[in-house]
């Protein structure tokens with residue numbers, strides 16, 4: 001071969017005796033075939049075979065397999081974000097004339113997808129009280145094909161009765177999806193409780209370092225995976241093997257990271273509940289938190305994300321206290337090594353929930369910094385809230 005050809009075609013190198021703990025990053029757009037017949041029959045390889053880089057490489061398949069085992073499912077599909085995971089499930093299941101039920105506490109872009117994309121295309125949605133449990137049967141009609149859940153709910157931490165919702169939905173022939181990003185499969189396994197689709201933002205605890213965008217959908221039945229992959233193929237959805245490699249690396253430490261942030265978050269939540277009216281602290285492990293008994297029944301632990309309600313009399317002090325924080329950063333998302341606080345207001349996003357807090361909610365994500373340094377940032381915020389001392393009547397409405 002001449003030099004230009006030798007520059008392109010690499011010589012074979014023996015891998016005998018080579019073993020690494022790291023998963024190789026296989027980058028590919030084109031997948032080559034040993035002969036013309038194999039290429040002509042490439043579609044027969046199915047969703048688990050290799051036909052084009054967009055649809056999977058050994059790197060992405062390794063991540064999928066690892067997540068499938070954690071979820072105790074049958075297959076996992078990787079998508080570019082957590083929101084993409086929600087969208088792909090809904091686009092796979094729903095057709096014009098169908099209806100999806102969405103909890104009032106769901107990740108707001110999920111409801112936005114329903115209102116701004118699905119509804120104009122003839123797919124209906126209805127919002128329900130996240131604490132409805134088996135009562136969701138009263139909302140079921142022949143058009144309902146999917147019930148979406150998120151437990152705990154974004155920001156306000158309501159825990160749903162997933163088994164009761166699954167039972168009611170399946171009796172009516174509807175499928176159930178669950179956003180499990182908060183708990184991860186380490187602390188909750190929705191598929192074990194009968195959920196059909198589990199969506200997670202790997203951006204958060206799996207990635208673990210605030211530098212990765214990816215989502216995953218795990219399923220409990222193989223035909224559902226095939227339907228998802230058909231949707232993804234038609235939409236041209238795939239993920240980068242480099243990003244999958246980062247997720248695999250993050251996955252290796254997720255267990256120990258979760259154990260640490262869970263311990264610190266629970267200790268902080270209990271400490272806050274001793275210093276301010278306990279109803280202002282939203283953490284599923286606290287007995288007063290909505291759905292606490294369900295959390296205790298179904299979950300094996302809690303993650304590092306919880307919320308603190310700011311009473312009206314403390315609102316003015318909060319912006320300067322957040323700005324003065326030395327360790328916490330102000331930002332959305334969670335699950336990274338850096339601790340975050342996101343000042344939220346959920347009133348505009350809620351439709352049926354009763355007693356929605358009208359002011360700021362501080363969503364706190366615990367990272368890996370020293371707990372004493374973190375508490376030094378939180379202490380002035382907690383003190384300002386404690387000093388506000390909201391009247392009993394106002395507190396009862398929170």
Whole-Å semi-axes of the range 252-355's equivalent ellipsoid (Cα gyration tensor): 22, 20, 14
Relative contact order for the range 23-154, counting Cα pairs under 8 Å that sit 6 or more residues apart, in percent: 21 percent
Chain lengthening between residue 209 and residue 18 when straightened (0.36 nm per residue, less Cα-Cα): 65.8 nm
Zone residues, the range 158-192, relative to residue 300, backbone N less than 15 Å from point 7 Å out along Cα-to-Cβ: 183-192
Separation of alpha-carbon centers, the range 289-361 and the range 363-390, rounded to whole Å: 12 Å
Hypothetical label at residue 52: residues of the range 61-86 whose amide nitrogen lies under 11 Å (7 Å Cα-Cβ projection): none
DSSP bridge pairs, the chain: antiparallel proportion in percent, nearest 5: 55 percent
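Can you quote the Å³ per residue value for the convex hull of the Cα atoms in the range 28-159, rounded to an integer?
Cα convex hull per residue, to the nearest whole number: 155 Å³.
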Virtual spin-label span in nm between residue 316 and residue 10, 7 Å along Cα→Cβ: 6.6 nm
Of (1) 41, 27, 17; (2) 35, 22, 20; (3) 47, 21, 18, the label for semi-axes √(5λ) of the Cα gyration tensor in Å derived from the coordinates: (1)
Viscosity 0.692 mPa s, 37 °C: Kirkwood-radius Stokes-Einstein D of the range 36-248 over Cα pairs, µm²/s: 189 µm²/s
Nearest-ten-degree value, helix 82-93 long axis tilted from longest Cα axis of the chain: 70 degrees
Nearest 10 degrees, 0 to 90: helix 162-171 Cα axis against the chain principal axis: 60 degrees
FRET efficiency, residue 355 to residue 326 (Cβ-Cβ, R0 41 Å, nearest 0.05): 0.75
Share, in percent, of DSSP beta bridges within the range 36-248 that are antiparallel, nearest 5: 40 percent
Spatial separation of Cα centroids for the range 63-124 and the range 162-228, in angstrom: 9 Å
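Every number in this text was worked out from the coordinates using simple rules, so none of it is lab data. Values in this document were obtained by computation on a predicted structure and should not be read as measured data. In this analysis, Cβ positions are derived from the backbone assuming ideal geometry, glycine residues included, and neighbour counts consider all displayed protein chains.
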